[in-house]
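The values are calculated or read from the model by the stated rules, or taken from the named source; none is laboratory data. In this text, all values refer to a predicted model and were calculated from it rather than measured experimentally. Because the Cβ atoms are built from the backbone with ideal geometry, glycine has one as well, and the counts that use them run over all protein chains shown. Just so you know, the surface numbers come from the protein's heavy atoms only, side chains and all, with ligands and any DNA or RNA stripped out. Shrake-Rupley method; radii C 1.70, N 1.55, O 1.52, S 1.80 Å.
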Protein chains: 4
Amino acid sequence: MKGVKSKRMPRAVRERQMMDAAVQTFGQRGYRAASMDEIAELAGVSKPLVYLYLNSKEELFTACIRREAAALIAAVEAAVEPGLPADRQLWAGLAAFFTHTAEHPDGWAVLHQQARTHGEPFALEVAAMRDEIVTFVTGLIATAAREAGAARQDPELADRDVAGLAQALVGAAESLAGWMNQTGAVSAKEAAATLMNFAWMGLGELMKGERWSSR
Amino acid sequence: MKGVKSKRMPRAVRERQMMDAAVQTFGQRGYRAASMDEIAELAGVSKPLVYLYLNSKEELFTACIRREAAALIAAVEAAVEPGLPADRQLWAGLAAFFTHTAEHPDGWAVLHQQARTHGEPFALEVAAMRDEIVTFVTGLIATAAREAGAARQDPELADRDVAGLAQALVGAAESLAGWMNQTGAVSAKEAAATLMNFAWMGLGELMKGERWSSR
Amino acid sequence: MKGVKSKRMPRAVRERQMMDAAVQTFGQRGYRAASMDEIAELAGVSKPLVYLYLNSKEELFTACIRREAAALIAAVEAAVEPGLPADRQLWAGLAAFFTHTAEHPDGWAVLHQQARTHGEPFALEVAAMRDEIVTFVTGLIATAAREAGAARQDPELADRDVAGLAQALVGAAESLAGWMNQTGAVSAKEAAATLMNFAWMGLGELMKGERWSSR
Amino acid sequence: MKGVKSKRMPRAVRERQMMDAAVQTFGQRGYRAASMDEIAELAGVSKPLVYLYLNSKEELFTACIRREAAALIAAVEAAVEPGLPADRQLWAGLAAFFTHTAEHPDGWAVLHQQARTHGEPFALEVAAMRDEIVTFVTGLIATAAREAGAARQDPELADRDVAGLAQALVGAAESLAGWMNQTGAVSAKEAAATLMNFAWMGLGELMKGERWSSR
DNA sequence: GATGAATGAGGGTTCATTCAT
DNA sequence: AATGAATGAACCCTCATTCAT
């Protein structure tokens, strides 16, 4: 009876509105520059309610990180069919990653730019998610090596190398995602293709025992 | 006679102390979270002096970005001998890049994490430096293609592809540098080697006309 | 129960308290010398609340100017009965003016001394009010001339002269008001009488065509 | 040998430069808004020298008030020939007053606007000068009354009335001077003529015993 | 006679957070 | 379930003022 502004909504809904507003604000302004005032207003809610549901700015930020990380992981996992060959799995995962980050730029900014820049507690939160992905990629590379089977000519492609490669691959993907969001130069599929071309084939060479040497 | 805190130093020296303190503080806390009070204290100076010499937080930050960017570019350029083959040049540049970022983690954090996250004026400052590096790498790749000379089997490796590859390579390097700084898992040389293996060989394949295909 | 400082008051009330404190402080200290801290304390309120309601020192000052200007105009208008002869109207207006400025010395100081000394935006605000008064006085003089009717011997007392006279009259009144407030030498009624004697009679001479000449 | 900037000037000259700069800055910015930095720079001198010669901002301001007050008084006194009739003396004094204030707007602003707005010590300084002028004008009116001699029909034009008239006259002149400086609407001679017309003739009536009465 | 180097103190403004209803 | 009212603590910045040379 007070106007159009909705009132008395179930807690879950209100909470989602707040977190949506928070992700958007944190993603665009950064953690420090985002104000609780702005978030509350964007959520169409009074500030005390934000505190009632989410306790503090830190907890709110953490909740955002967790939600966005989970959503990203879920998107990637949903895209990967376990039965396929490793390269096809990697391709699918990369495409899903680029698609998701392109569709949720604020969420991705929270994870990639903000969370890592504002102290250990947040950085650890995001590092956990990143590890999950790296582990997944590591597994794919190992599987690829196994699939290469008899053809495997380099028994020295040690676990440690595989881990490093996965890190580099994920890092390159993250960097490309940021570039995409900021410049809009390429589509998600193109980004995935570029990365596969750029990396997978070098990977193949590596597995054949080739190495670049500075000497 | 008051302690170690020496007084009355020439302006240039004080200015350097302040910028050292600023880079450290900005790098660790972030632009917004860093306080001028903290920077002044870390520099062993009163706050007004910081303003007298550096004018404002924004200008101080910009000065930091410029100094660190120039130092990074200088380190890479100093390491590259123009006479060498392209792959050797790239290797030297990468090694210098990883070494420099490892030795100046706060400076790198300022450039890579903070400057890009806090508004256009700062982001443009860094983008200029990045472009310089990307251009340099693009040149190296083009040279490599030329050196591959008669052996070149893919006349379709167009300029656009070369640029994309340079972007991806630089992005991967940036990402790896961040990973190094945060986890300390690998040394600068190892990082450079990983990247050369990961990318250069794939590059070779690409130049031979090979492509990964999702079909 | 904590003392006299009552808490939790409706916004309108608090706002008035703040503006009262602001007028007093601005009037006594001047715009620059007045500190928001002092105003807040005098209002019995924390500084952030002042900003929450009044936004900034500039806006607060502007609000003070507007409120005091409106109050002064209202006091003068309330005292003037439109039906009376012009000289009686002028007398009533002057008396009300002197009474009001004597009763609200800080408000008058804000209008007359502070607002005109601190930059265009503020000065324009007061100039608008002053123009309103000058226009009113100009009307009275014109009416007086008309009332002088047949007796009017100087058809050359042009509009321009009337306007100049009004300016001088208002200026003299303003100056007298300041003198009253600062020295307390005369009462409001005395000031009004002095001015009527001083000016109105000379005005009569002027309308008869008399002029003082330096030759 | 250091450049064009003059050096090693006799103290008196330097001091005058500083006070010129100070009057200009105080007049335009106001006492609080004027910074010692700005004054020193405008004077072409280092800040410590300003302190060496003039001790503090307050003393510098006081010195400005005194110098400008003395100059104004001197200008008025120089214009008045004691032998002339009172009205001619008053005319000459007013003309000199308006001319001087028009030629030294910053000095006049310091006296009229700034000095009265920033606390007792300064206000008293300027009140002293004002009293000097008021006393002078009071004397002129008294003389005029005496000159009116036999014609004098009002033995009740008491000293107190004369003083009040002088105050009003001076006040009106001050107000007109401010209006001139701010709008440039009239010349000094015009302002003097307006005031003589406006006031002197009413004065004549008064001396004839006429009074305006509210009844 | 003159200055480069330096600071204590304070002012305007904002923000995360809470209380009373 | 929800909010209007309110604040402690900081933060950026400036200024009058002083040493040491």
> Which residues' amide hydrogens lie under 5 Å from the amide hydrogen of C:ALA34, considering only partners 5 or more residues apart or on another chain, with H built in the peptide plane?
Replying inline: none
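Among C:LYS189/D:LYS189; A:LYS47/C:LYS57; A:LYS57/B:LYS47; A:LYS57/B:LYS57; C:LYS57/D:LYS47; C:LYS208/D:LYS208, which pairs are too far apart, with a Cα-Cα distance over 23 Å? Numbers along the way, then the final one.
Values: C:LYS189/D:LYS189 33 Å; A:LYS47/C:LYS57 25 Å; A:LYS57/B:LYS47 29 Å; A:LYS57/B:LYS57 25 Å; C:LYS57/D:LYS47 30 Å; C:LYS208/D:LYS208 17 Å.
Cα-Cα > 23 Å for C:LYS189/D:LYS189; A:LYS47/C:LYS57; A:LYS57/B:LYS47; A:LYS57/B:LYS57; C:LYS57/D:LYS47; rest within.
For D:ASP131 and B:GLU59, what is the calculated FRET efficiency with R₀ set at 45 Å and r taken between the beta-carbons, to the nearest 0.05? Write out the running numbers ahead of the final one.
Details: r = 51 Å, r/R0 = 1.14.
Once rounded, the FRET efficiency stands at 0.30.
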> Does region B:63-207 classify as rounded, prolate or oblate by the C-alpha gyration tensor (a ≥ b ≥ c root eigenvalues; a/c under 1.5 gives rounded; else a/b over b/c gives prolate, otherwise oblate)?
Replying inline: prolate
>> Give me the percent of accessible area attributable to carbon and sulfur for the protein assembly as shown, probe 1.4 angstrom.
In response: 53
> For region D:1-54, what is the accessible area per residue in Å² when the probe is 1.4 Å?
Replying inline: 65
>> Can you compute the label reach from D:ARG146? Point 7 Å from Cα along the Cβ direction, backbone N cut-off under 16 Å, restricted to region D:162-203.
In response: D:162-163
> B:THR25 accessible area, nearest 10 Å², 1.4 Å probe?
Replying inline: 10
> How would you classify region C:1-133 from its alpha-carbon gyration tensor, with a ≥ b ≥ c the square roots of the eigenvalues: rounded for a/c under 1.5, else prolate if a/b is greater than b/c, otherwise oblate?
Replying inline: prolate
> How large is the dipole of the protein assembly as shown about the Cα centre if only Lys and Arg carry +1 and Asp and Glu carry -1, each at its Cβ, rounded to the nearest 20 debye?
Replying inline: 1280
>> Please report the accessible area of A:HIS112 (heavy atoms, 1.4 Å probe, ligands and nucleic acids excluded) in Å², nearest 10.
In response: 50
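What does the helix-only formula give at 222 nm for the protein assembly as shown: each DSSP H stretch with n ≥ 4 adding -39500 (n - 2.57), the total divided by the residues, and the result rounded to the nearest 500 deg cm²/dmol? Each step should come with its number before you reach the end.
Working: 40 runs with 599 residues, N = 860.
Counting only the DSSP helices, I get -23000 deg cm²/dmol.
Nothing charged except the Cβ atoms of Lys and Arg (+1) and of Asp and Glu (-1): what's the magnitude of the dipole of region D:1-54 about its Cα centre? Round to the nearest 20 debye. List each step's numbers first, then the result.
Details: 10 positive and 5 negative charges, 55 e Å.
The dipole magnitude comes to about 260 debye.
Rounded if a/c is under 1.5, else prolate if a/b beats b/c, else oblate: with a ≥ b ≥ c from the C-alpha gyration tensor eigenvalues square-rooted, which is region A:1-54?
Here region A:1-54 falls in the prolate category.
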>> Taking the square root of 5 times each eigenvalue of the Cα gyration tensor, what semi-axes in Å does the equivalent ellipsoid of the protein assembly as shown have, largest first?
In response: 81, 32, 23
>> Ordered shortest first, which distances in nm separate the 7 Å Cα→C-beta label point of A:LYS189 from those of the other copies?
In response: 4.5, 9.0, 9.6
> In peptide B:172-182, how many Cβ atoms from other protein chains are near each Cβ within 10 Å, on average?
Replying inline: 5
>> Tell me the accessible surface of B:TRP91 in square angstrom (1.4 angstrom probe, heavy atoms of protein chains only), to the nearest ten.
In response: 40
> Along Cα→Cβ at 7 Å, what distances in nm separate the B:LYS208 label point from those on the other copies, shortest first?
Replying inline: 0.4, 12.1, 12.2
> In nm, what does the list of distances from B:GLU120 to its counterparts in the other copies look like, shortest first, when each label sits 7 Å along Cα to Cβ?
Replying inline: 2.6, 3.9, 5.6
> What total accessible surface area, summed over both chains, is buried at the interface between chains A and B, computed with a 1.4 Å probe and given in Å² to the nearest 100?
Replying inline: 3600
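Count, for each residue of C:49-56, the Cβ atoms from other chains sitting within 10 Å of its Cβ, then give me the mean as a whole number.
Values: counts 0, 0, 0, 0, 0, 0, 0, 0.
Mean shielding count: 0.
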> Tell me, what is the per residue accessible area of region C:63-207 in Å², probe radius 1.4 Å?
Replying inline: 41
> Heavy-atom accessible surface, probe 1.4 Å, ligands and DNA/RNA ignored: which residues of region B:88-137 lose at least 30 Å² versus the isolated chain?
Replying inline: B:ARG88, B:TRP91, B:GLN113, B:ARG116, B:THR117
